[in-house]
Amino acid sequence: MKTFLMHPDRDFDPRSPSPRESLPSAQDIELEVLLNAAAGGDRYFHDTMAAACAQAWDNDIETIRYRQEVLKDCLAVPALVRKFYDIAIEPFGRERSWSFSLYDRDAGQKVASGVRTLQSCLDVLERLRKTCAANADRFASRGFRQFFATLEKNLDDDWLGAARTDLTNLSFRVGLLLSAQVGGGGKAVGTVLRKPQRSDLSWMHRMISPAARSYTLQLHPRDDAGAQAFAELQNRGLVLISDAIYQSAEHVLGFLRTLRSELAFYLGCVNLKEQLDRIGEAVTFPEPQAEPNRFRCRNLRDTCLALTMEQRVIGNDIDADGKPLVIITGANRGGKSTFLRSVGLAQLMQQCGMFVTADAFGASLRSGLHTHYKREEDRSMRSGKFDEELVRMSGIADVMRRRALVLFNESFAATHEREGSEIARQIVRALLENDVTVFFVSHMYAFARSFLDDERALFLRAERDESGARSFRLIEAPPLPKSFGTDIFRRIFETPEAADARS
Amino acid sequence: MSEAQTFIPGNLVRLADRRPHPEAGGSGAGAFATILFPPGLEALRDERGEEPDCFVDLNLDQIVGAAVARRDEDVLRPIFHSPCRSEEVVRYRQAVFADLERPEIFGIFPQFGEAMRGVHANLRYAGEISTGSHRNTVILRAAGLYCEAIAAFLRNLAALELESEGLKGLHAYLADYARSPSFLELARETAAQREALSRVSFGMLFSGDRVKVRKYASEPDYTTIILDRFARFRESGIAPPGPAKPKDDFSLNHIEEAILEFVSRLFPEAFGSLEDYVSRQGNFIDEVVARFGREIGFYIAYLDFIRPLRRAGLPFCRPIVSASSKATAVAESFDLALATRILAENGTVVGNDFQLSGPERLLVVSGPNQGGKTTFARMFGQLHFLAGLGCPVPGKAARLFLPDRIFTHFEREEDIANLRGKLEDELVRLHRSCRAMTADSVVVLNEIFNSTSLDDQIFLSTQVLERILAIDAIGVCVTFLDPLSTISEKTVSMVSTVDPEEPARRTFRIVRKPADGLAYALSLAEKHGVTYAKLRSRVRP
């Protein structure tokens, strides 16, 4: 029994990446802003979305389209989906969790808790099936349709009734009979669970049948170790069935857990959409491209910037089909970083099966997103800044696969331009040869210039109008030999606060 | 290597003393007494419980600690603490190691060692048991393990082409032993007793705080009934598990013991016969076999310890040893303790060569910090210690002197508050060492006197080195004082280096050349593997 709402053929793994190994680029694309908007204050939503993001790079186009369909259903009838979710989380609420808990300390407890958990889960599943059945016609996606079919097929009334009877029968109140032989060192071996004789179960039968020769050991009431030994011996028999019972319970519970996490992803997306609606940011479903080196967007906006500013933001139109290298130069505060972030976010959201904040968006699938941003001075580092940049690059190379997407922001500028340009050029060349797509924001003219004649490169430039006010929109244009950062430099560096900060 | 081993510089007399190799299964078998010393030299055994003084400085404590971990430490540590100056003993052990380095030979030992440990553990345990039925079953288990171990071991040995005097001697001894009437009788009786017990089938009916013990009465298996009933819940069929292995399958708790006692009353014939058996066969272990079982652990432990290093391609060799010639030559050796750690971190281990020939006695190592100088010094000490144990040593080839003692002086943790006291302590220790030192000693000095002024350092170091050189001990001295490398014709200058082709990577290579104090520069991108050429090949598909 599988939910299959996230993948057409397998379960979603909702385990959130640990904070340390979470998306290494999360900080650079401000992913936390998006996660918080999707979470709507629910930590579980946050972590589930984070897990979905971390796994986005393994999704194929089919999975992305599959999720887009399911998400469209969810956006159409959010209240119903939230109802499903409320039923699915019952086993995980604090006040009810006792009846859904599985202890695996020993076989006896496994059997007992397995039976109890199964009984509780069956109740939840029955209600879920009935709710789904009543509303099935309002869902069109393959994901929901097969989910409903799974419930109908596996949880019909006959099955539920039979299962409940089985569970009631499963108790050993009357006495547990084991057989064994004497093994090495006097250890009982070959333990088998036996069906007790009738005379073992009833006092009446005991009276009328001739008793075989036997010895009885009576446990002393204060003999705790002895009681443990009793339990251990009985467990050797119970363990033969406990795994089966336990696994059955675990499976049913796992089904509900997966359902919870998969619905949490979609409800997170619903939350996000509701937030963007409030701001007035329109969304669209991207069109993932099977061919390599595709990147095309119309009015692509930075989702997180919109969420942070709580207002609509300026977008960019880019056609970088066939251009695995995009070099972005130009004025400081001209929207370069924002654009870079919007590219990373849109790629991630596309591969999660989500919508994006654009009028149109379509890009090839990538094997991963890596960001290499200029870092603020890190005092704990003993190595130099340039060294640290190279260390981070090496770290990216360690985990990167072909067809990855790498976003560089002012990288390798911590040394003089000639050296930095050469290193950057070598790195970019090596990446391109590995089918890696590179977006590189840089002030290093020597670096940008070295790709001027390269057909693989697209050059974007941050605009700046006559008055010096920025439009935050990028145009397709080759790099200029000079940066426009002087004014910003003066303002930041030659004010008293900046001087203080420096000292 | 085997030809080279018969070369004993300046000590040919001893060759004549060597006993002829006993033929496997031949009459020489009785001569075998221990796998650590050749017949006749058993008296050289002089085992120490406490660690030699040089252990911590040379990180030998780490090596030995790791090698003996989870083994019979009480037996193995003293062996590892006690190197031997006898070339004959060292070669006897080297030959055993050489045999054991062949996988097909090595493969039979862990099993035997494990079995013998089991035998001893059972007998120890039986001694603590008061209930007769239980004690007897434990002794029976021990005897069963013992018979199986001997038979299996002998069968395995017979199938091998053994080369070493030690293992051939053992084989001959065991072959005789296994044919002896007493052993054959033990094996037969033990098998019969086990068979009889395995046919004893009983039932335990638990209800509440009672358990009723009776003979098994053909009640049906309940597991299949339950499994069928719940099969529908499971995604895929799981194989019904076997009965749980008891948490403790070695000892019985008092409940199990009481149940067993009831079972023995339900089946008096089987348990009466067991009682007779134990009174006749209780003391079954052969002394020589028992000793071998313990001592072979020395070889196994060491080979197990170096196996991961070998598998990683690091060379080990059996050194040519001499108790008289100080001509020393080592190729591509390394610090064993460090190599183990580096390997765990997937790093690369760098090998180094060194030689002492003619009048040369002391390697003076200088050069950039972090260049592997201390490691080199440790390696020097470790090599001499391990060679004396008879162990294979790190390196492609080695010719080593067997020292009477190894003296180490390593820079201790800085204690700013007490520099003066520290210098005093150091001098006291050095003085004591110099007095105890002989021409047969090995000295390892690492950055001594670092805590004092430069002039003091040169003066003190020179004084100490001259004394050591006068004694004619061999050794290594790590220092950043270039002049020390030229104070005598007995000193050899070695320098930690940087690779001119790849200046970023620390080479950890120490080469024989005049001290030059050259520093190294780092080419950062190269170091981090992010140049065009490097990065191109790093991206995974």
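Please treat every number below as a calculation from the coordinates, not as lab data. This one's a predicted model, so the numbers in the text were calculated from it and none came from an experiment. Here the Cβ positions follow ideal geometry from the backbone for every residue, glycine too, while neighbour counts run over all protein chains shown.
How would A:274, B:257, B:195 line up from fewest to most surrounding beta-carbon atoms within 10 angstrom?
Fewest to most other Cβ atoms nearby, the residues stand as B:195, A:274, B:257.
Relative to the present Cα-Cα distance, how much length would full extension add between residue A:282 and residue A:231 at 0.36 nm per residue of separation?
12.0 nm
Using θ = phi - 60° and the Karplus curve 6.51 cos²θ - 1.76 cosθ + 1.60, what whole-Hz ³J(HN,Hα) does each residue of segment B:525-536 get, with Gly and Pro shown as x?
So the Karplus estimates, Gly and Pro as x, are 4, 4, 4, 8, x, 10, 6, 3, 5, 6, 5, 3 Hz.
Under 10 Å from the Cβ of residue B:330, count the other residues' Cβ atoms, weight Lys and Arg +1, Asp and Glu -1, and hand me the total.
Computed value for this residue: 0.
Looking only at other chains, what is the average number of their beta-carbon atoms within 10 angstrom of each beta-carbon in A:72-78?
Per residue, the number of nearby Cβ atoms from other chains is 0 on average.
State, to one decimal in nm, how far the label point of residue A:156 lies from the label point of residue B:199, with both points 7 Å from Cα in the Cβ direction.
5.4 nm
Any idea what the relative contact order of segment B:77-194 is, in percent, if you count C-alpha pairs under 8 Å spaced at least 6 apart?
30 percent.
How many partner chain Cβ atoms sit within 10 Å of a residue's Cβ in peptide B:141-148, on average, as a whole number?
Counting other chains' Cβ atoms within 10 Å and averaging over B:141-148 gives 1.
When B:138, B:89 are ordered from fewest to most other Cβ atoms inside 10 Å of their Cβ, what list results?
B:89, B:138
Taking segment B:27-87 as the region of interest, what is the percent of Cα-Cα pairs per 10 angstrom bin, listed from the shortest bin to the one with the maximum distance?
Over segment B:27-87, the share of Cα pairs per 10 Å bin runs 20, 43, 28, 8, 1 percent.
Which GluC sites (Glu not before Pro) in segment B:312-406 pass both tests, a DSSP loop state and at most 11 other beta-carbon atoms within 10 Å?
For GluC sites (Glu not before Pro) across segment B:312-406 that sit outside H, G, I, E and B with at most 11 neighbouring Cβ atoms in 10 Å, the list reads B:345.
Short version: ³J(HN,Hα) in whole Hz for each residue of segment A:388-399, in order, from phi by Karplus 6.51 cos²θ - 1.76 cosθ + 1.60 (θ = phi - 60°), x for Gly and Pro, what are they?
4, 5, 5, 4, 5, 4, 5, x, 5, 4, 4, 9
What nm value, rounded to one decimal, do you get for the distance between residue B:344 and residue B:176 when each label is placed 7 Å out toward the C-beta?
Placing both labels 7 Å beyond Cα along the Cβ direction yields 4.6 nm.
What list of ³J(HN,Hα) values in whole Hz, one per residue of segment A:119-127 in order, does the Karplus curve 6.51 cos²θ - 1.76 cosθ + 1.60 (θ = phi - 60°) give from phi, with Gly and Pro shown as x?
4, 5, 5, 4, 4, 4, 5, 5, 5
In nm, to one decimal, how far is the modelled label at residue B:185 from the one at residue B:310, with both set 7 Å along Cα→Cβ?
4.3 nm
Would you mind giving the mean number of other chain beta-carbons within 10 Å of the Cβ of each residue in B:248-256, as a whole number?
Averaged over the peptide's residues, the number is 5.
Can you list residues from other chains, or at least 5 along the same chain, whose modelled amide H is less than 5 Å from the amide H of residue A:325?
Amide H neighbours of residue A:325: A:438, A:458.
When a footprinting reagent is the concern and you count Cβ atoms within 10 Å, what order do A:28, B:46 take, fewest first?
B:46, A:28
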